[in-house]
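Shown next, in structure tokens, is the structure this report addresses.
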Amino acid sequence: MNKRQTKMLKRVIAATVSLVILIILERVTELPEWLFRILFLIPYLIVGYDVLIKAYKGILNRQVFDEAFLMTVATIGAMILGEYLEGVAVMLFYQIGELFQSIAVGRSRRSIASLMEIRPDYANIENEDGSLEQVDPDDLPVGTIIVVKPGERIPIDGVIVDGTSSLNTSALTGESLPKEVDSGDDVISGCVNISGLLKIRTTKEFGESTVSKILDLVENSSMKKARAENFIAKFARYYTPIVCYAALAVGILPPLALGLLGHGWDFATWVFRALTFLVISCPCALVISIPLSFFGGIGGASRNGILVKGSNYLEALADAGIIVFDKTGTLTKGVLEVTDIVPAEGMDKDELLHLAALAENYSTHPVADGIRKACSDTPDLSRITDIEEIAGHGIHAQIDGHRILAGNAKLMDRYGIPYIKNNDLGTIVYLARDDQFIGSITVSDVLKPNAAKALKAMHDNGIYKTVMLTGDAEAAASAAAKELGIDEYHAELLPADKVTMIEQLLGRKKKPTDVLCFAGDGINDAPVLSRADIGIAMGALGSDAAIEAADIVLMDDDLTKIPLAVKIARKCLRIVRENVVFAIGVKILCLILTVFGMTNMWWAVFADVGVMIIAVLNAVRTLRTEKV
Amino acid sequence: MKKTYSIYVDCANCAQKMEDTANTVEGVEKATVSFMTQKMQVKFAEGADHEEVMQNVLKACKKVESDCEIEL
């Protein structure tokens, strides 16, 4: 509790105690009633003086429809009508409700904010004598060497120049498995250094570092308001004045009509009903619970490594119907791996791979990377005596005194070597030794292990169409689509074709309100990301372009985060709807009951404060994302 | 030109009122108030003097919500 809240609590307690004493006094003593009327003002003023002051200031500034004004009119009105216990009690409960709201909202704000507590406060730099000094990370120019001790957070993006350690990236990605890093590796700010001392040369300024960008994005996310929020803001603007005029009508018209019809003049009853109207009229339950729900949803998502750039995107995501994927780097790992080795007769698999790795040793082609990575031990480079790259064909090399050819079918044809054709999907590297075919190696971009699971989860969660777009050949695209269970694919697309495809797909929604999401790795697909209703950038850690262009950023490569994000969004929207229906419903019900005289001020206080508390508690549920 | 200011406001409806009010002040192109983060983001009109505009925003907000605060 903060200072204001503690003070409020003391006032509530003091007012409650004095009210109880007064009630007892009234029962057991025979003091005159006018004295009690004055005495009841003591608890009333203790608990409500600030409301009165605010109402007074409001009138001066012509803000008559604010809460303070409504409460003041209602309670003073009740006391004038002789219901002084109710007048004091309503003020007391109103303040208790406000206090509770302030505590509940403060709590949830803090718990959401703590999810984002990744801002590093300082960076260590090493002085000449070897001692460490803490400085403001904002002051450090690019290229400074900083020291990160175990347990500290990396303040600025950079590259390790000395030390090995494991990093905890969970604050950024939701991934709990530590990441091993060594000198030469790039590291991003926001990760916690777990084990060893690291010296890092910064490659960015603090303000441009990942952690600053992410914080910026999350802090501004509640500025982009959802349709539901705007609706409520508009609703509140009309609702309060309407109820106030309705109250005025209730206070005047029925007694006037009844009086004229000869049923007697009974203004007191109707004025009291009108006052009850005023207490019910506060729109706070709605106005607070909806942004709180979205804020909680965004907070819960970011704890799972899903950054949502605005409440409006979270709202849109709940209506996701079509998800379009880029293939390379999104559905696949985006790096080539050896997926099959077929040695010719009399040849050993391991030896074949070794020869290929040696031949490809100096090549920068992605295929060569894949082959080298598949080789378990570092090949002995002294075996190579001569190497020549034949563009568009492959490699011609002298290894152990033999002539080795490694390349595509064209290379084999060029040297007239009879080879066994390999019909695998992917890139095939054929090898020959001294003009004898010795086997082939298949290198391909493999699907992410959880991709099929993620797609199934999407289909189970109301996504009615999944589409894959790729520049790859038809055969590879078709095989991947089949393996993943994707509904539709389009192969051999140029980057510009992808935008055209998205536009076509936008026209094929089942309902115009359905939302089309595009998920890409953020490399080269910025135009597509921004053309789709919602752009989701995958594995965006460190990729500035993706963070800029996308509406939702997945911090790691995990595809299952997409259905999770959809589920979080749906849960959030469900809670928002529950709150809207519940709050408006209860208020309207109470208003109707009040006109017929079936309520009193206690009901009214529940309709105002009670509904608000229930709505806030409901809204806080959005934070919990373990079971969505 | 966009700037973000820390604010203090104790009810969501009041935050909404501050937003509405700030948007009527001359020199403000768009103002957004987030009750949750207790921040006000103001996009200034071309050529507006930020300091002066914000003084007016504060004054206007104080009128509709007497106990609000904007850290300038």
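The numbers here are math on the coordinates, done by the rules we state, and not lab data. Just so it is clear, the structure is predicted and the values come from calculations on it, not from any experiment. Every residue, glycine as well, gets a Cβ built from its backbone with ideal geometry; the counts of neighbours run over all protein chains shown.
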So what are the ³J(HN,Hα) numbers for the stretch A:336-353, from phi and the Karplus equation (6.51, -1.76, 1.60; θ = phi - 60°), rounded to whole Hz, Gly and Pro as x?
7, 10, 6, 10, 7, 10, 10, x, 6, 4, x, 10, 9, 3, 5, 5, 4, 5
A:K10 to A:T385: extension gain in nm, 0.36 nm per residue of separation minus the Cα-Cα distance?
126.2 nm
Sorted by average packing, counted as other Cβ atoms within 10 angstrom per residue and highest first, what order do A:526-537, A:4-15 take?
A:526-537, A:4-15
Please list, in chain and number order, the residues 5+ apart from A:G334 or on another chain whose amide H is under 5 Å from its amide H, with Hs placed from the backbone.
A:G329, A:V446
For a quick check: with amide H placed at 1.01 Å from N, whose amide H comes under 5 Å from A:I341's, ignoring anything fewer than 5 positions away on the same chain?
A:T442
For A:M598 and B:E69, what does the FRET efficiency come to when R0 = 51 Å and r is the distance between their Cβ atoms, rounded to the nearest 0.05?
0.75
Under 13 Å, Cβ to Cβ, from A:A123 - net charge with Lys/Arg +1 and Asp/Glu -1
-3
Amide H to amide H, which residues 5 or more places from A:I438 or on other chains are under 5 Å from it, using H placed in the peptide plane?
A:L431, A:A432, A:R433
Calculated FRET efficiency, A:D182 and A:L494, Cβ-Cβ r, R0 35 Å, to nearest 0.05?
0.35
On full extension of the chain, what length is gained from A:V135 through A:D162, given 0.36 nm per residue of separation minus the C-alpha to C-alpha distance?
7.7 nm
What is the distance, in nm, between label points placed 7 Å from the Cα along the Cα-to-Cβ direction at B:E29 and at A:T269?
6.0
Using θ = phi - 60° and the Karplus curve 6.51 cos²θ - 1.76 cosθ + 1.60, what whole-Hz ³J(HN,Hα) does each residue of the stretch B:40-55 get, with Gly and Pro shown as x?
10, 10, 10, 9, 8, 6, 3, x, 7, 7, 3, 4, 5, 4, 5, 4
Once both label points are put 7 Å beyond Cα along the C-beta direction, the A:D413-A:E26 separation in nm becomes 10.3
In nm, give the distance between the simple-model label positions of A:R37 and A:D340, each being 7 Å from the Cα along the Cα-to-Cβ direction.
9.8
State the extension gain, in nm to one decimal, for the chain segment bounded by A:K3 and A:R237, taking 0.36 nm per residue of separation less the distance between their alpha-carbons.
81.1 nm
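Go ahead and run the numbers for FRET between A:A545 and B:K2, Cβ-Cβ distance against an R0 of 22 Å, rounding to 0.05.
0.60
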What does the charge add up to near A:A320, with Lys and Arg as +1, Asp and Glu as -1, over the other residues with Cβ less than 14 Å from its Cβ?
+2
Counting Lys and Arg as +1 and Asp and Glu as -1, what is the net charge of the other residues whose Cβ lies under 13 Å from the Cβ of A:N524?
-2
Only bridges whose two residues both fall in the protein assembly as shown count here: according to DSSP, what percent of them are antiparallel, nearest 5?
80
Relative to the longest principal axis of chain A, what angle (0 to 90°, nearest 10) does the C-alpha long axis of helix A:611-620 take?
10
